[in-house]
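The block underneath contains the structure these notes are about, expressed in structure tokens.
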Amino acid sequence: MDVNRTVPFVDWDSAPFWEKLKEGKFMLMECSECHHVFFPARIICPECWSSALVWREASGNGVIYSFTTVEAGATAAFELLTPYTIALITLEEGCRVFGMLRHGAERTPAIGAQVRCDFEIDSNSGFVFPVFGLV
Ligand SMILES: [Zn+2]
């Protein structure tokens, strides 16, 4: 699906995440010391404060922890996408991420529903964005 949206600010710690999205990979960080898996990227582990971190590809599978549908009052960056659904998703790897949730009127989201990550490209910027869909 082609989208046209405001692009994110990319800094040195998030650049690998955005680059791997172009390959269809959703990346998480894993601590080499305590094996805690987390998102977004940080320079130290939020559990043990180690700086020994590696990127790890997520399965893309998760379940909806919570969600909301924005039907009006979106900021300018998301106005063209209205109505849209944002979900807090618990990934198989154990960490939670916010993500855009695509669904049709015939399939409404529910807490605990299984989702899978897919990818959308913005043809104007070349950015690839993760989106989640009901399984
Ligand atoms: Zn750690």
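The values are calculated or read from the model by the stated rules, or taken from the named source; none is laboratory data. These numbers were taken from a predicted model, which means no experiment stands behind them. Cβ sites come from the backbone with ideal geometry, for glycine too, and all protein chains shown count toward neighbours. Ligands, DNA and RNA are excluded from the accessible area calculation, which covers all protein heavy atoms including side chains. Shrake-Rupley method; radii C 1.70, N 1.55, O 1.52, S 1.80 Å.
Under the condition of being at pLDDT 85 or above and within 23 Å of SER14 (Cβ to Cβ), the residues counted in the stretch 53-86 number 13.
Within the stretch 9-36, being touching a residue at least 40 places away in the same chain (Cβ under 8 Å) and either out of contact with any strand residue (DSSP E or B) (no Cβ under 9 Å at 6 or more places or on another chain) or of a type in the set (Phe, Trp, Tyr) (or both) holds for TRP18, PHE26.
Look at the stretch 47-67: where a residue is free of Cβ contacts under 8 Å to residues at least 12 places away in the same chain and a partner is near the ligand (Cβ under 9 Å from one of its atoms), sitting 6+ places away or on another chain with Cβ atoms under 6 Å, you get SER51/ILE44. Only one of the numbered conditions (1) under 21 Å from PHE127 (Cα atoms); (2) assigned to a strand (DSSP E or B); (3) β-branched (Val, Ile, Thr) is not met by VAL10, and that is (2).
Here's a check for you: in the stretch 61-91, which residue that is open to solvent by 60 Å² or more (accessible area, probe 1.4 Å) and not in a helix (DSSP H, G or I) is nearest to the ligand (Cβ to nearest atom)? Residue satisfying both the conditions and the ranking: TYR65. The set of residues in the stretch 1-60 that are within 13 Å of the ligand (Cβ to nearest atom), open to solvent by less than 50 Å² (accessible area, probe 1.4 Å) and either of a type in the set (S, T, N, Q) or touching a helix residue (DSSP H, G or I) at 6+ places or on another chain (Cβ under 8 Å) (or both) contains only SER50.
Exactly one residue out of GLY104, GLY94, GLY112 is without any contact (Cβ under 8 Å) to a residue 12 or more places away in the chain and either open to solvent by 30 Å² or more (accessible area, probe 1.4 Å) or not in a strand (DSSP E or B) (or both): that is GLY104.
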